[in-house]
Amino acid sequence: MITLLLIQALAAGDELFVEVTPEALLAHPTTCGSEEKDWIIEVNGGGLIVEDFNGDGHLDLVVVDGSTVERARAGEAGEPPRLYLGDGACGFTKAGEAWEMSGGRWGMGGAAGDLNNDGFTDLVVTQWGPDRVFLNEGGAGFREITEEAGLVGARWGASAALLDYDADGKLDLAVVNYLAFDPDEVKRRGEGCAWKGHDVMCGPEGLIPVHDQLYRGLGDGRFEDVTLAAGFAPESAGYGLGVMTLDFDGDGWTDLYTANDSTPNHLWRNQGDGSFKEIAWRHGVGHDANGKEQAGMGIACADANGDGLPDLFVTNFSGENNALYLSRNGRFRERSHAVGLGGASLRRLGWGTSYGDFDLDGRLDLFVLNGHVYPQADQPGTDTSYAQPDQVFLQGEGGRFEEVAFGGEERVSRAGVSADLDGDGDLDLIALELGGPARVWENTSASSEASAAAWLGVRLAGSTGHGAKVELEYEAGKERISLARFARTAGGFQAGCPLTCHFVAAGWSGEGAATLRVHWVGGAESELSLEELGRWITLSPPAEGSK
Amino acid sequence: MSPFAALLLALLPQDRAQVLDRSPTEWSEAPADHWVSWDPKAPAPSAVEARVALDRALESAQRGDLVSSLAGWFELLEVEPEYPPALYQAGVIYFRLRRYSDAAVAFERYLKVAPHRAGDTRALGHCHYSLGRYEQAAEHYERVLEVGETPGLRFGLALARMRLGEEDAALAGLERVVELKSDHLEAHTWLGQLHFDAGRTAEARAALERAQALDPFAPRPWFLSSRVLLEAGEEEAGLKAHERFKTLDAVAQEVRTLEGRLLFKPQQPAVHRRIVELHASAGDIGRVKGALRRWEALNPEGIQARVVGLEAWNSLGRRAEAAATAEVLAAIAGDSAGAWAVLARHYRATRERVLQVQAEERWRALRAAQAQSSGD
């Protein structure tokens, strides 16, 4: 499929990422309402979900597509979600008929995981309308079971996360809902909503936020709504856009964090008894450092400060800084400016984001996809623009981040995923353009001579891998270094990423074994001694009682 | 200025949109060194066109109509290219409209034509800061500080340093600010923030208590206090501070949104009314006064602002302010039945019987006349 690759090296030499978007993706841009963006439903764009669906060992891609207000009003289906099969070399081709999915009302995002524990990756798609479930028929195709799946209601689901919150070995599901939208009731652009003196689409302020939902997995692809029983309903609902799974306090139970637009973000502590408690304010992750709620869009999560606990990075609206919440003694401090991530985001409106060691130096970097919600941002006096550059920030000494060139052209980007699409040990990117195609960016780090890096990719199998903490310990000179990564499939904003962890053992001499430890959800542990790195390995949870 | 004159100065909606669509990059240039010896004490341009534009700009600004004022400065700059006060004031208007890039262009032009007036341009540092250009902000503040030290400049520089991750320099800068101006609310609040971030709980607490004493209605010190108290294990006090923060923040947020609307369209009585009511609901006397003052400046003869003011002062039990407002309202109420009804209620509450009876009679007469005219 290499022949189908459209290679666009945008800059010579030291460009970290090179665009290699396959023709199959370019040929089918997504749809998301009108170009004028008269309605709020038209601005979020579609979703991306990366996993291996056909079981060939290569990562595949689902593009969740949208619709138009006219089609929705006429009761017509929107564009269907589409599966593209990966060739293991950053190439994708449209999957055959057996994988075709019908169009829903208006697709947004989703998540992928083995819902029925048959060893194959199933799919959840969120949408404006009832969320949908597709079971994988043994790696040969999808079968939709939405009708009997138990996902209740027909809200505007934005992002979804799979987790095993009760550690019962069956995947559960959290769906983050945005707001109550009905084009016959919500005002459109030109009906009195203004931003910086310009007429724009209306919302989210003034519209009704909708509570998020938590479903307990029944292990066969069906779910039971436990939102109220689990206490997963805050005092005030937020305009939910992004969701992340994490174990913020290291107690072994998977917690949830949601990014809410123009309302405080929520941190849901899993209390270990099947219930959750919202504690964002107490832990300093509900607002910015000034106590102001921001317009949360996407979330990245990783142990950026090396204390073994996850840190959070939230993308926000233009005029607000993206927020980096670093963990400290079980609480968080907003430190965006102190590490150089604040000012760089003030004129951008951020969406998809993820941590990853993009330059293979042992430190976690960040990518942020940007693009405004208002085409009117191009009018005078807005201090921002509709199309914007996407950003890659490399972490350097002392935890400070430096922006490096990425992408060249300014675009209106939305969801994004980083994953090692070609298995070469560095993390590539996929970015979805609003009303445009998904674009693939190949990371060139692994191919450079300077980066004969000691990397390790770990792929986890089984539901208790969702939320597992994975540690790599190794000797670097006289120093014993421990790196912590967290396995999850929640991609932050309308995205799903593969259940993998990526390590770079900077300074590893190659002498002496590195130790890999996996703390599976539910308490099981695996330990592995590795004589060599530079490869992908797959781990399953140990049989009960064994280690 | 009469209400008629104010109406003449105010722009029609389509003209307002046109002004907002313009950019400072379209200003033409003056001949080289034309303003090199310009002195702020020099008389304003005397040409008729220039005088008309200047009057529009100044009087509109005084009334809080920023867009009409901006139109005036544009007109003046067409007649007198790069006239330094026009560049400067246009920069101020752009800054108040939160158009920081445009404001920066205006201030930079001002600096170009009047480099000897760098001391006037603290706001250029604020523009860079608001655009996330912290290095440039810090450099500019340093430059202006060479001309003279003020608390505002020190504060701007301290925040820029903080945003650059230079927290020790920021701390020193903020301490200097409170040396220069001990009641600098923001400086005390940021000191609280910096101490809290560094884990210095006692210092954070002291700074935040000072901020709360200076302005008990500012939400941010309460937010930070709630976090400091909780981390210090003072659960009850922390929760109480958080509740206070939520109450004040709800007001502040709504006010912020409403004020954003007024920036571009200041004549919106319902919005002004809501702002006054919000501040009154929090018991924030100072901000009620400020909101009323701004509304009254837009409509010096406006009855509605006084009616709302009188109701607010009465609800807050502020007799002196209510009496003063009632006096003004009685003088301008004219044929407004609603105004007389409010006055009658006020005099009844203050037991000013004669005035009460007069107001009630006036109200009845106006009601009767209205009923008759609607019957006709």
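The values are calculated or read from the model by the stated rules, or taken from the named source; none is laboratory data. From a predicted model like this one, the values you see are computed outputs, not experimental measurements. So basically every Cβ, Gly included, is an ideal-geometry build from the backbone, and we count neighbours across all protein chains shown. Just so you know, the surface numbers come from the protein's heavy atoms only, side chains and all, with ligands and any DNA or RNA stripped out. Shrake-Rupley method; radii C 1.70, N 1.55, O 1.52, S 1.80 Å.
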For A:464, A:353, write out the residues from largest to smallest accessible area, computed with a 1.4 angstrom probe and no ligands counted. A:464, A:353
If R0 is 25 Å, what FRET efficiency do you get for residue A:28 and residue A:140 from their C-beta distance, rounded to 0.05? 0.65
Leaving out ligands, DNA and RNA, what percent of the accessible area of the protein assembly as shown is carbon and sulfur, probe 1.4 Å? 49 percent
Can you give the FRET efficiency to the nearest 0.05 for residue B:180 and residue B:237, using r as the Cβ-Cβ distance and R₀ = 25 Å? 0.20
Isotropically averaged projected area of segment B:1-155, using the convex hull of Cα atoms (one quarter of hull area), nm²: 9.8 nm²
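Sorting B:240, A:170 by accessible area (1.4 Å probe), largest first, what list results?
B:240, A:170
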Protein chains only, probe 1.4 Å: how do B:316, B:239 rank by accessible area, largest first? B:239, B:316
Accessible surface of residue A:365 in the full protein assembly, 1.4 angstrom probe, to the nearest 10 Å²? 0 Å²
Treating the beta-carbon of each Lys and Arg as +1 and of each Asp and Glu as -1, no other charges, what is the dipole magnitude of the protein assembly as shown about its Cα centre, to the nearest 20 debye? 4680 debye
Check each of the trypsin sites (Lys or Arg not before Pro) in segment B:328-376 and keep only those in coil by DSSP with at most 14 other C-beta atoms within 10 angstrom; list them in order. B:351
How far apart, in nm, are two points set 7 Å out from the Cα along the Cα-to-Cβ line at residue B:319 and at residue A:530? 8.0 nm
Give the residues of segment B:49-69 whose amide nitrogen is closer than 18 Å to a point set 7 Å from the Cα of residue B:261 in the direction of its Cβ. B:65-67
Charge-dipole axis of the protein assembly as shown as Lys and Arg at +1 and Asp and Glu at -1 on Cβ define it, positive-most pick from B:248, A:45, A:493: B:248
For a test of the definition: using alpha carbon positions, the gyration tensor, and the 1.5 limit on a/c, classify segment A:22-166 as rounded, prolate or oblate. oblate
In chain A, which cysteines lack any other cysteine Cβ under 4.7 Å from their own? A:32, A:90, A:301, A:497, A:501
On the full set of protein chains, 1.4 Å probe, figure out the accessible area of residue B:116 and give it in Å² to the nearest 10. 100 Å²
Of A:37/A:277; A:196/B:246; B:41/B:181; A:187/B:289; A:196/A:277, which ones are farther than 32 Å apart at the Cα? A:37/A:277; A:187/B:289; A:196/A:277
Taking K and R as +1 and D and E as -1, what net charge do the other residues with C-beta under 14 Å from the C-beta of residue B:332 add up to? -2
Taking the dipole about the Cα centre of the protein assembly as shown, with the C-beta of Lys and Arg at +1 and of Asp and Glu at -1, give me whichever of B:356, A:93, A:203 is farthest to the positive side. B:356
So the compactness index of segment B:148-258, its C-alpha Rg divided by 2.2 N^0.38 Å, takes the value 1.08
Simple SL model, points at 7 angstrom along Cα→Cβ for residue B:29 and residue A:513; separation in nm is 7.3 nm
List residues of segment B:95-115, by number, whose backbone nitrogen lies under 14 Å from a label position 7 Å along Cα→C-beta of residue B:143. B:104-115
Label point at residue B:250 placed 7 Å out along Cα→Cβ; residues across segment B:278-292 whose backbone nitrogen lies under 16 Å: B:278-284
Note down the magnitude of the dipole of chain A about its Cα centre, charges +1 on Lys and Arg C-beta and -1 on Asp and Glu C-beta and zero elsewhere, to the nearest 20 debye. 1180 debye
Taking a ≥ b ≥ c as the square roots of the Cα gyration tensor eigenvalues, with a/c under 1.5 meaning rounded and otherwise prolate when a/b beats b/c or oblate if not, segment A:94-139 comes out oblate
Could you tell me the calculated FRET efficiency between residue A:100 and residue A:329, based on Cβ-Cβ distance and R0 = 60 angstrom, to the nearest 0.05? 0.75
For n ≥ 4 DSSP H runs only, could you compute -39500 (n - 2.57) per run for chain A, divide by its residues and tell me the 222 nm figure to the nearest 500? -500 deg cm²/dmol
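Determine the sum of side-chain charges near residue B:357: Lys and Arg each +1, Asp and Glu each -1, restricted to other residues whose C-beta is under 15 angstrom from that of residue B:357.
Net local charge, residue B:357 excluded: +3.
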For Cα pairs less than 8 Å apart in space and 6+ apart in sequence, what is the mean separation divided by the residue count of segment A:393-529, i.e. the relative contact order in percent? 20 percent
Given the rule -39500 (n - 2.57) for each run of at least 4 DSSP H residues, summed and divided by the residues of chain B, what is its mean residue ellipticity at 222 nm, to the nearest 500 deg cm²/dmol? -24500 deg cm²/dmol
Net charge over other residues, Cβ less than 14 angstrom from the Cβ of residue B:295 (K, R count +1; D, E count -1): +4
So, with +1 on the Cβ of K and R and -1 on the Cβ of D and E, and no other charges, what is the size of the charge dipole of segment B:118-214 about its Cα centre, to the nearest 20 debye? 180 debye
Rank A:396, A:355, A:326 by how far each Cα sits towards the positive end of the charge dipole of segment A:326-413 (+1 on Lys, Arg Cβ; -1 on Asp, Glu Cβ) and give me just the farthest. A:326
Segment A:208-288: GluC sites (Glu not before Pro) in DSSP loop, at most 12 other beta carbons within 10 Å: A:235
Can you tell me the equivalent ellipsoid semi-axes for chain A? Use √(5λ) from the Cα gyration tensor, largest first, whole Å. 32, 26, 24
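In units of 2.2 N^0.38 Å, what is the alpha-carbon radius of gyration of segment A:241-359?
With N residues counted in segment A:241-359, Rg over 2.2 N^0.38 Å equals 0.99.
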Descending semi-axes in whole angstrom, ellipsoid equivalent of segment B:73-156, from the Cα gyration tensor: 22, 15, 9
Can you pull out the GluC sites (Glu not before Pro) in segment A:360-428 that DSSP calls coil and that have at most 13 other Cβ atoms within 10 Å? A:409
Chain lengthening between residue A:537 and residue A:307 when straightened (0.36 nm per residue, less Cα-Cα): 80.3 nm
Label-point separation (nm) for residue B:167 and residue B:277, each offset 7 Å from Cα along Cα-to-Cβ? 4.4 nm
